[in-house]
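Below is one structure; the comments refer to it alone.
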Amino acid sequence: MKMAYYPGCVAQGSGKELDMAVRWVARAIGLELVEFPAFTCCGSAFVDEANQTLNIALNARNLAIAEKAGLDLLTVCSTCQGMLTLANRRLEEPAMKARIDGVLSPLGIQYRGSTKVRHLLDVLVKDVGADRLRGLVRRPLSGLKVGAFYGCHLLRPQDELGSESAEEPHAFEDLLSALGASPVFYRGRVMCCGFPIQFVKPETASRIGGRQILDARNHGAEAMATPCPLCHISLDGFQHQAAKTVGQPLDMPVFHLPQLVGLALGATPEELGLDRHLVSVQPALAKVAGGSARG
Amino acid sequence: MSDPTISVPLEIYRFDPKTDSAPRYQRVTLDLPPHTPVLTALLKVRQEQDPGLTLRYSCRSAICGSCAMQINNKSRLACETPVGPEIERHGRIVIEPMRNQPVLRDLVVDQQPFWTQYERIQPHLIPDPAHPMPEGRENPMTPEQVERFKETPRCIACGACYSACPAVEADPTFPGPMALAKLYRFVVDPRDGRTQDRLVSIQTGGLWLCLRCHLCTEACPKDVRPSERIRDLKEMAIHAQGATEHGSKHAVGFLRNIRETGTLNEFKLVRQTYSPGEMLGQVGQGIRMWRKKPEMMHKPKKVAGWEDVEKIYQALEETREDPP
């Protein structure tokens with residue numbers, strides 16, 4: 001299997017550990033990642049607030065690059081997934097399509113609308129499948145209670161994104177079960193992490209992030225995992241602030257989704273960049289490594 | 001012949017702040033056809049088992065907007081939520097009052113916070129004195145003008161969006177999805193004379209606290225899509241006034257940031273949003289991040305074909321029109 005790899009800005013910058021884990025997992029499941037140095041940022045839903053048409057045009061260019069290569073696009077970020085899919089939907093409106101074509105055609109860029117945008121979570125669950133994944137597991141995450149945290153733009157608006165469910169998804173929990181972990185269901189798993197307003201009003205953002213972490217913990221989660229590096233920044237990077245805002249220590253390890261997959265499939269913590277988190281993942285590692293890697 | 005029934009275990013939130021020290025959940029199991037609305041189930045409980053169960057309802061047809069509540073953690077109208085799919089997914093139905101508003105009794109909340117926010121946006125037409133309404137006849141709009149309202153006139157003010165909103169939950173200064181969708185409705189109204197003032201005052205009035213999580217759009221029983229209209233308001237506010245707040249500075253900063261190389265320069269974005277003084281307040285967090293993630297300071301290289309990106313910006317940045 002071969003896909004156009006769209007890493008997104010964070011995985012190429014401060015969230016490099018996500019990129020490391022994606023590459024490791026792709027090798028393990030036999031997924032060839034084709035790279036395109038011409039991809040731009042998806043706009044991260046911020047450009048969409050400032051200039052919607054520009055946001056769609058930038059993403060139409062990204063989609064056209066994959067289309068020209070005849071490949072579907074692989075995202076590893078809920079927000080990239082949301083923005084690129086939103087562009088696909090908006091380009092179904094004839095007026096918008098004409099407007100964007102008018103800008104891209106003079107540059108020799110054509111987009112016919114055929115690129116499918118797929119998040120790694122979806123590829124793991126649908127294309128690789130739980131059965132094959134179970135067979136690939138070398139270090140079962142036995143008994144580790146994990147709270148999945150989806151990220152809004154993977155789920156909503158459901159009618160625009162064609163996601164599995166707006167408020168009651170289970171693909172991530174299915175994946176966790178296949179890896180041997182015990183998924184924890186809690187209200188916050190489909191809520192916002194607070195990231196979008198981290199720069200607008202930090203204490204409100206921290207209250208929102210802290211609430212979801214507490215909710216996961218109150219339901220028994222020993223770790224959280226997210227398919228979105230922006231949620232990861234909020235839940236891991238700003239957890240220190242969240243703890244201050246909610247007035248209690250949190251100490252919640254937060255994994256990027258492919259890190260947890262890699263861990264189960266036998267990668268070392270170094271290969272997955274697990275030392276790059278702000279909140280230590282050691283307590284969670286200790287739980288799974290009671291079982292050392294199974295050869 | 002009557003419809004086949006299923007067993008419907010209900011867990012109904014019961015609380016009277018005057019007499020109870022804490023809420024409790026009343027467990028009742030009914031046999032009902034799967035298409036039965038949750039509201040009908042609740043009325044059956046009240047009629048047959050417990051006349052004290054307190055709830056708001058009126059039309060039973062998703063028009064009056066009285067029976068919004070939390071059904072298995074989702075904000076929904078009880079009159080149009082059938083029991084069958086809930087039982088299929090959860091095996092039971094947990095029914096709770098709307099969130100983000102104080103409980104008066106059982107499933108009835110005090111909606112004053114919701115209405116106060118609504119009032120704040122001046123939800124009525126304020127005509128431009130320079131263009132008075134024509135006398136003796138209606139003030140017609142073109143089909144294109146009507147189109148701009150999108151789905152907002154459908155709102156029945158049920159409050160489901162307000163109950164679902166995590167920004168309202170965390171910050172009482174956020175106007176909430178319904179008030180902002182209403183504001184949009186008046187901002188695009190060609191008969192309203194206060195478009196500019198409305199946009200200027202909402203920039204500092206909480207517009208930028210919207211998380212664009214789209215939970216309101218999923219909760220809305222009338223498909224008003226508040227989160228998308230809030231996005232339109234943000235774009236219009238920047239257009240009307242420029243970036244004056246952290247939120248709009250961040251959005252405009254982001255747009256300019258990726259123009260330079262095509263990829264985000266993470267550290268520069270912080271500088272584009274915050275003043276030097278505000279940056280100082282972030283030093284502790286910055287150092288914490290930088291020690292684990294030094295790449296946050298890296299300057300990205302230009303993407304291949306960057307010239308095309310620049311041309312797209314030139315075409316759409318400099319001749320930008322109002323949002324479609």
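List of remarks:
- Check: the range A:1-160 dipole with +1 on Lys, Arg Cβ and -1 on Asp, Glu Cβ, in debye: 520
- For the range B:122-165, the ratio of Cα radius of gyration to the globular rule of thumb 2.2 N^0.38 Å stands at 1.62.
- Diffusion constant of the range A:66-198 at 10 °C, which comes from Stokes-Einstein with the Kirkwood Cα-pair radius and 1.306 mPa s, µm²/s: 94
- Centroid-to-centroid, using Cα positions, the range A:77-139 and the range A:1-71 are 9 Å apart.
- Fraction of the pair-distance distribution of the range B:192-276 above 22 Å, Cα-Cα pairs, percent: 37
- Label positions at residue B:291 and residue A:270, each projected 7 Å from the Cα along the C-beta direction, are separated by 2.2 nm.
- Three semi-axes describe the equivalent ellipsoid of the range B:220-263; taken as square roots of 5 times the Cα gyration tensor eigenvalues and ordered largest first, they are 26, 14, 8 Å.
- Per-residue ³J(HN,Hα) for the range B:267-275, Karplus 6.51 cos²θ - 1.76 cosθ + 1.60, θ = phi - 60°, Hz, x for Gly and Pro: 5, 4, 4, 4, 5, 6, 9, 9, 6
- Shown is the FRET efficiency for residue B:126 and residue B:278, computed with R0 = 35 Å from the Cβ-Cβ distance and rounded to the nearest 0.05: 0.50.
- Calculated FRET efficiency for the pair residue B:307/residue B:223, C-beta based, R₀ 35 Å, to 0.05: 0.25
- Highest to lowest packing among B:186-196, B:169-179, scored as the average C-beta count within 10 Å: B:169-179, B:186-196
- Cα centroid separation - the range B:199-251 against the range B:160-176, whole Å: 13
- Trypsin sites (Lys or Arg not before Pro) within the range A:51-152, DSSP loop, no more than 10 other Cβ atoms inside 10 Å: A:112
- Cut-off 18 Å, label 7 Å out along Cα→Cβ of residue A:286, residues of the range A:245-259 by amide N: A:249-255
- Additional length obtainable on full extension of the chain from residue A:27 to residue A:2, 0.36 nm per residue less Cα span: 7.9 nm
- Number of partner chain Cβ atoms within 10 Å, mean per residue of A:203-211: 4
- A convex hull fitted to the Cα coordinates of chain A yields 115 cubic angstrom per residue.
- For the range B:105-165, the list of GluC sites (Glu not before Pro) that fall in a loop by DSSP and count at most 12 other C-beta atoms within 10 angstrom reads B:135, B:138.
- For the range B:136-267, taking Cα atoms only, Rg and Dmax work out to 16.2, 61 Å respectively.
- Gyration tensor (alpha-carbon) shape descriptor, the range B:32-110, a/c threshold 1.5: rounded
- Shape category assigned to the range A:1-68 from the gyration tensor of Cα positions, a/c cut at 1.5: oblate
- Nearest 10 degrees, 0 to 90: helix A:52-68 Cα axis against chain A principal axis: 90
- Using distinct alpha-carbon pairs, which all enter the 1/r mean, Kirkwood radius of the range A:212-273 in Å: 12.3
- Expressed to the nearest 5 percent, the antiparallel share of DSSP beta bridges inside chain B is 85 percent.
- Seen through its C-alpha gyration tensor, with square-root eigenvalues sorted a ≥ b ≥ c, the range B:222-315 comes out oblate because a/c lies at 1.5 or above while a/b is not bigger than b/c.
- Within 10 Å of each Cβ in B:309-316, the average number of Cβ atoms from other chains: 6
- Compared with the dominant principal axis of the Cα atoms in chain B, helix B:38-48 is inclined by about 30°.
- Counted over the range A:92-165 with a bin width of 10 Å, the fraction of Cα pairs per bin, in whole percents, is 13, 29, 28, 17, 11, 3.
- Where the Cα pairs of the protein assembly as shown fall when distances are cut into 10 Å bins, in %: 3, 16, 25, 26, 19, 9, 2, 0, 0
- Averaged over the residues of peptide B:215-222, the number of Cβ atoms from other protein chains lying within 10 Å of each residue's Cβ is 3.
- Percent of beta bridges antiparallel (DSSP, the protein assembly as shown, rounded to nearest 5): 45
- DSSP-assigned coil residues among GluC sites (Glu not before Pro) in the range B:227-324, each with at most 13 further Cβ atoms within 10 Å: B:318, B:321
- Listed pairs A:16/B:301; A:201/B:74; B:74/B:222; A:201/B:234; A:2/A:97; A:145/A:287 exceeding 18 Å between Cα atoms: A:201/B:74; A:2/A:97
- Coupling constants for the range A:5-17 follow from the phi torsions by the Karplus curve (6.51 cos²θ - 1.76 cosθ + 1.60, θ = phi - 60°), and in residue order they are 7, 10, x, x, 5, 5, 5, 8, x, 5, x, 3, 4 Hz; glycine and proline get x.
- For the range A:205-221 versus the range B:7-74, the inter-centroid distance based on Cα atoms is 28 Å.
- In order along the range A:85-91, the phi-based Karplus estimate (6.51 cos²θ - 1.76 cosθ + 1.60, θ = phi - 60°) of 3J(HN,Hα) comes to 5, 4, 4, 4, 5, 5, 6 Hz; Gly and Pro are listed as x.
- Longest to shortest principal axis, alpha-carbon extents of chain B, angstrom: 71, 69, 43
- Using alpha-carbon coordinates, inclination of helix B:246-261 to the longest axis of chain B, degrees: 50
- Simple spin-label estimate for residue A:101 and residue B:46 gives 5.6 nm between the two label positions (7 Å along the Cα-to-Cβ direction from each Cα).
- Where GluC sites (Glu not before Pro) in DSSP loops with at most 13 other Cβ within 10 Å are excluded, longest remaining stretch of chain A: A:93-269
- Amide N proximity, the range A:58-83 versus residue A:116 label position 7 Å along Cα-to-Cβ, cut-off under 12 Å: A:71-74
Laboratory data are not the source of any read-out in this text; all were calculated from the coordinates shown. Please read all numbers here as calculations on a predicted model, not as lab measurements. A quick note on method: Cβ atoms are made from the backbone with ideal geometry, for glycine too, and the neighbour counts reach across all protein chains shown.
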